[in-house]
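All of the numbers you see were taken from the coordinates with simple rules; none came from a lab. Quick caveat, the model's predicted, so the values are computed rather than measured. Cβ sites come from the backbone with ideal geometry, for glycine too, and all protein chains shown count toward neighbours.
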Amino acid sequence: MLKQVLVYIDEDAVQDSIDLVEAARLMFGDRDLITYALAPAGQYAGAETVFDYIITSEPAPVAHYEAGKIARLIEHLHHQYRFDAILIPSTTFGRIIAPRAAIRLRTGLVADVTEVRTEGDEILLVRPAFSGRLLATVVCRGSGPIMMSVRPRTFVKTGATVKQAKLIFCDTRNLPDSGIRLTGRTERHQEQDIRESEVLVAGGGGAMKDFPLLERLASLLGGKVAASRKAVDHGKASREIQVGQSGKMVGPKVYIALGISGSSQHMAGLKRAKHIISVNIDPHAPICSMSDIVVQGDYKVFAEALIKRIEAQRTQTNGGLSWK
C-alpha cells in the first residue's frame, strides 16, 4: 500500500530538512513510499535527487516567516494528496508552523522527535519530556496524518538511490494574505554552532570548575566547547552548547568528553560522532563503552598535558592542526 509523506523544507535549514526523508523511510520503508518536498520559498538545492516530487509556490515564493500562510498551504496540499505523514524540522520557524498546521488539520502533533521506530504495524515516536529528564514514546494510532516536528541533525539520509524529482507549482494567490511584511533586516553576530564544528571538547559534571581550560584546549584544536546537561543545569555552561536529546545532536570528527559519565540522553546526541575520546576516573562509565579511546584519570591532568603537547608541536612546526 502506497504511503505519501510531505516534508517541509525550511529555507534556513535546507539540508536538515532534506534529511527528514530518512525518518519517513524508517516509518514506511522504501518500496511503497512516495515523498514530497514542500519548498514554498523556492529553496530546495539537493532535494531534486532525494524526493519524488518538489512542490513550490507561484507566482511568488512564500517566506518562512509567513507561518499562517504556510500552514494553510499545508492544509490545502493535504486535502489534495492525503498524506500519511507530515514532517517539519524543529527550527525556529518550523516550531511556529507545525502547531498551526496541526490545528488546521485537526490532528495531533509530536514535537521535537529524536527517534522513530516501528513495532509490528505500529509507529513509535520518541521525544524528550520533562526538560529532557525522561524520554516519552508516542504510539501513532488513528486515521492520521502522522504529524511531527523533528530535531535538526537527528536523522541523516542513507541509501544510494538517486531520484529525479518532478516539480509541482502550487498557486498560492488564493491563500489569505498574512499581512506580514519584511521591512528590514539586521544581521546578528552569532558564534559558530557546535553542530558545525569538526572538533568538540565537552565538559560534564566532573569538569564543571574548569570550562576556561576546556575553551583553551578547544581553541588550540580549532574546535568548540560543548557541555553535558549537568553542567548546563548547574549554570556552568550555556544551553546553546548542550549535547543530548534535550540539547543538540552533533556529528564532529572528534568528540573529547572530559568528566562526562554518558547518560542515555547525552549519548543519543552523539550518534553521528565519528570518534569519541573519553577521559574519566571511572573506566566503567557508560560513555567508555562507546568510545574509541578511553583515558582513565583526571581530566585536568589530561587537558593540561595535551595543551602543552600541542603548543610544543606548534612551536616546532609553526602551524596548526588539521583533522582529516
Legend entry - 222 nm mean residue ellipticity, helices alone, for the chain (DSSP H n ≥ 4; -39,500 (n - 2.57); rounded to 500): -7000 deg cm²/dmol
Inset, instruction - Using the Cα centre as the reference, give the magnitude of the dipole from point charges on the C-beta atoms of the stretch 194-317 (Lys, Arg: +1; Asp, Glu: -1; all else neutral), rounded to the nearest 20 debye. - result: 240
Inset, instruction - Using all C-alpha to C-alpha distances in the chain, build P(r) with 10 Å bins and read off the rounded percent in each one. - result: 6, 24, 28, 22, 14, 5, 1
Inset, instruction - State to the nearest 20 debye the size of the charge dipole of the stretch 3-171 about its Cα centre, where the only charges are +1 on K and R beta carbons and -1 on D and E beta carbons. - result: 400
Inset, instruction - With unit charges on the beta carbon (Lys/Arg positive, Asp/Glu negative), name the residue among V199, L167, T91 whose Cα is farthest towards the positive pole of the charge dipole of the chain. - result: V199
Legend entry - Length-normalised contact order for the stretch 194-317 - Cα pairs under 8 Å, 6+ apart - percent: 24
Inset, instruction - With only Lys, Arg, Asp and Glu charged, each at its Cβ (+1 for the first two, -1 for the last two), find how big the charge dipole of the chain is about the Cα centre; round to the nearest 20 debye. - result: 380
Legend entry - Most mobile of L200, L109, L220 in a GNM of the chain (Cα contacts under 10 Å): L220
Inset, instruction - Could you name the lysines whose alpha carbon sits less than 30 Å from that of K300, not counting residues in the same chain fewer than 8 places away? - result: K209, K224, K230, K236, K248, K253, K271, K274, K308, K324
Legend entry - Two-decimal log10 I(q)/I(0) for the stretch 3-171, as the Debye equation yields it once each C-alpha is a single scatterer, q = 0.15, 0.17 Å⁻¹: -0.76, -1.00
Inset, instruction - May I ask you to sort H284, H266 by Cβ crowding, counting other Cβ atoms within 10 Å and putting the fewest first? - result: H284, H266
Legend entry - Residue exposure sequence - V113, V250 - by fewest surrounding Cβ within 10 Å: V113, V250
Inset, instruction - Enumerate the lysines that K163 could reach by cross-link, defined here as Cα to Cα under 24 Å, with residues fewer than 8 away along the same chain left out. - result: K3
Inset, instruction - Normalise the Debye intensity by I(0) for the stretch 149-219, one equal point scatterer per Cα, no solvent, then take log10 at q = 0.25, 0.27 Å⁻¹ and round to two decimals. - result: -1.17, -1.21
Legend entry - Relative contact order computed over the chain (Cα-Cα under 8 Å; 6+ residues apart), in percent: 14
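For each of E240, E75, count neighbouring Cβ atoms within 10 Å of the residue's Cβ, then give the residues from fewest to most.
E240, E75
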Inset, instruction - Please name whichever of V279, Y255, F302 sits farthest to the positive end of the charge dipole of the stretch 223-302, dipole taken about the Cα centre and charges placed at Cβ: Lys and Arg +1, Asp and Glu -1. - result: Y255
Legend entry - At q = 0.18, 0.25 Å⁻¹, base-10 log of I(q)/I(0) for the stretch 179-238 (Debye sum, equal scatterers on each alpha carbon): -0.65, -1.03
Inset, instruction - At 7 Å along the Cα-to-beta-carbon direction for both Q316 and R181, put a label point, then send me their distance in nm to one decimal. - result: 6.5
Inset, instruction - Rounded to the nearest 0.05, what FRET efficiency do Q80 and V139 give with R0 = 30 Å and r taken as the Cβ-Cβ distance? Could you check? - result: 0.60
Legend entry - Pair-distance profile P(r), taking every C-alpha pair of the stretch 194-317, with 5 angstrom steps and integer %: 2, 13, 24, 26, 21, 9, 3, 1, 0
Legend entry - Potential extension, T92-K163 segment - 0.36 nm per residue separation minus Cα distance: 22.6 nm
Legend entry - Helix axis angle, 67-81 relative to the chain longest principal axis, alpha carbon, degrees: 60
